Structures are given as structure tokens and as C-alpha cells.
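We did not get these values from a lab; they are worked out from the coordinates using the rules stated. On a predicted model such as this, the values are computed, not experimentally measured, just so you know. Cβ placement follows ideal geometry from the backbone for every residue including glycine, while neighbour counts extend to all protein chains displayed.
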Amino acid sequence: MCETAIKNVKYNSAISLIEDGKYVEAYEALIDLNGYKDSAEKAKEIYGQYKAEKLKTAKVGDYVAFGSYEQDNNTSNGKEDVEWLVLVKEGDKALVISRYALDCQKYNTSYTDVTWETCSLRKWLNGTFISNAFSSDEQNKIQNTTVTTDKNPSYSTSPGNNTTDKVFLLSITEVNKYFSSDSARQCQGTAYCYAQGAYKAGNGNCWWWLRSPGCNSYSAAGVDDGGSVINYGDDVDYDNRGVRPILWINLGP
């Protein structure tokens, strides 16, 4: 069978998959056709359904697309889909963390005594970030979460009070729970993140904030470019740390 005939069979199969509502298989089949006939256009038409189905069927360790944010530092081509790593899946909801550090922000805008409850980064994540990264429908899929005041295991610094947030950061306890090694915790920033001032190490990775307090109330814990958890932390007004948002997504209709 000639190549054109093979592609035609695959194309017709992809169209049948669309008609059957099997959008993940259909989208991936259309992309594999590399522009044959109108496969690219068809793939674009079902991309929304593909993302939704991919999200619902994702397993722990999978990457899924949800929301959009400037990442390539080229605003002329619009925002890019945000990739999330699935950390936990419980029934019809999933806990996800951004695959890359999406932005560079201070934990707090000034060097002062703060906790996760009172820091400016929490306000930014649940205000500016969530508004820029998610549509109204997407925001409705993000669950309000009781964010606990996990203590720093190495220091007696007060972690403050529990909060209720849609978007938050991992604690020291959680980052060690969900990432079992330094290599798993290593993270690269997006081009936009680095353009905003995030430190870029020689290995291409960045440092990123955790919500736990550091060795005192003027510092916050983080993860360094090698993936080590820095319990003593950095000054809260450091301006070169990346941000990896975390959230619970409702996977239902």
C-alpha cells in the first residue's frame, strides 16, 4: 500500500475516533499525520476536548495542560499552555504542580516578619496570577484548599495560621513527600521566568520557593538548582527565586 493510501486510512480512522468522542486518541493520531489533508485544522478544532479528556484520565506522574501563561517571553504570539505534573489523584480531583517555574517573585515585597498567611506571594498567586493564567471556567475548576501551617522540621520558626487558597506552594514536608530525590525536585524556569529576574544556574535550573518558613520569620524555605531542600531558607525579599504554583483541580464536568 502506498504512503498516501496509508495516511488516508489513518486520517479516516482519526475522524471516526472524533465521532466516537475519543478525543485523546483522535488528537494524537491527527498530529501524527503531520499536516496530511486538514489534519492540523481538525486537531486544532478538538484541542479543547483533548485537554479535558487528558486531564480526566491522567495518572500520577503524567503531565497535563491547564490554563495558559506567558512562557516563551514573546508576547506577540500570545500565552502558552501551562504544563502541570500530577502529584496526587483522589476521585474526581487532582493535585498538580507546574512543570516549570512560571514566574519570578519575591516571597514578600519587603524584608519583614511574615508567614505564608501574610506574605505578598500568596496574595499575588491568588490574585494577579490566577486571573492571568485561567479563564473563569478554569478558575471554577480550581478547588478552595485548606493550606496547613506545616512547621519547618529543622527550626522552631512560627509558620502562622492555616489559610484557604486556590493557589499555593508546597511546604518542606510536602516537597519531600511528593519528590523522592534531588533530581526529581530540580526545575527549570521558563524563558519568561528568567527574563523576570530568576537566577539561572549553569545546569539550566533555577531555585524555587516553598511556603514553609526558614530559620527565622524573615526567611522562607526553598529548593536550590540541584534539587536540595534548603530548610534554613532565603531572605523573604530575595528577587531571583522562581515560583511553581500548586493547586487542586476538579476533574468533573
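Between Ser154 and Asn34, the simple label model (points 7 Å from Cα in the Cβ direction) yields a spacing of 5.1 nm. When the P(r) is computed for region 184-224, the part past 16 Å accounts for 41% of the Cα-Cα pairs. Normalised by residue count, region 107-223 yields a Cα convex hull volume of 124 Å³ per residue.
Per the Cα gyration tensor, region 1-135 maps to an equivalent ellipsoid with semi-axes of 39, 17, 11 Å, ordered largest to smallest.
Counting other C-beta atoms within 10 Å, which of Arg244, Arg185 has the fewest, and how do the rest follow?
The fewest-first ordering by Cβ neighbours comes to Arg185, Arg244.
Counting only DSSP H runs of at least 4 residues, each contributing -39500 (n - 2.57), and dividing by the residue count of the chain, the helix-based mean residue ellipticity at 222 nm comes to -8000 deg cm²/dmol. How high is the FRET efficiency from Glu90 to Ser217, r the C-beta distance, R0 30 Å, rounded to 0.05? Taking R0 as 30 Å, the efficiency between Glu90 and Ser217 is 0.35. Taking the chain as a Gaussian network of alpha-carbon nodes connected by springs under 10 Å, the highest mean-square fluctuation of the residues Ser156, Ser131, Ser16 belongs to Ser16. As a calculated quantity, the FRET efficiency between Val60 and Asn132 at R0 = 22 Å, using C-beta atoms, amounts to about 0.20. A cut-off of 5 Å between modelled amide H atoms, ignoring neighbours fewer than 5 places along the same chain, links Thr145 with Asp165, Lys166.
For the chain, the fraction of C-alpha pairs farther apart than 33 angstrom is 26 percent. Within region 1-57, the proportion of C-alpha pairs whose separation exceeds 13 Å stands at 54%. Using R0 = 45 Å, the C-beta based FRET efficiency linking Thr112 and Gln49 works out to 0.40.
Helix 47-57 versus the longest principal axis of the chain: what is the Cα-based angle in degrees, 0 to 90, to the nearest 10? Once rounded, one gets 60 degrees. Over the C-alpha atoms of region 87-176, the Rg to Rh ratio, Rh being the Kirkwood estimate, stands at 0.96.
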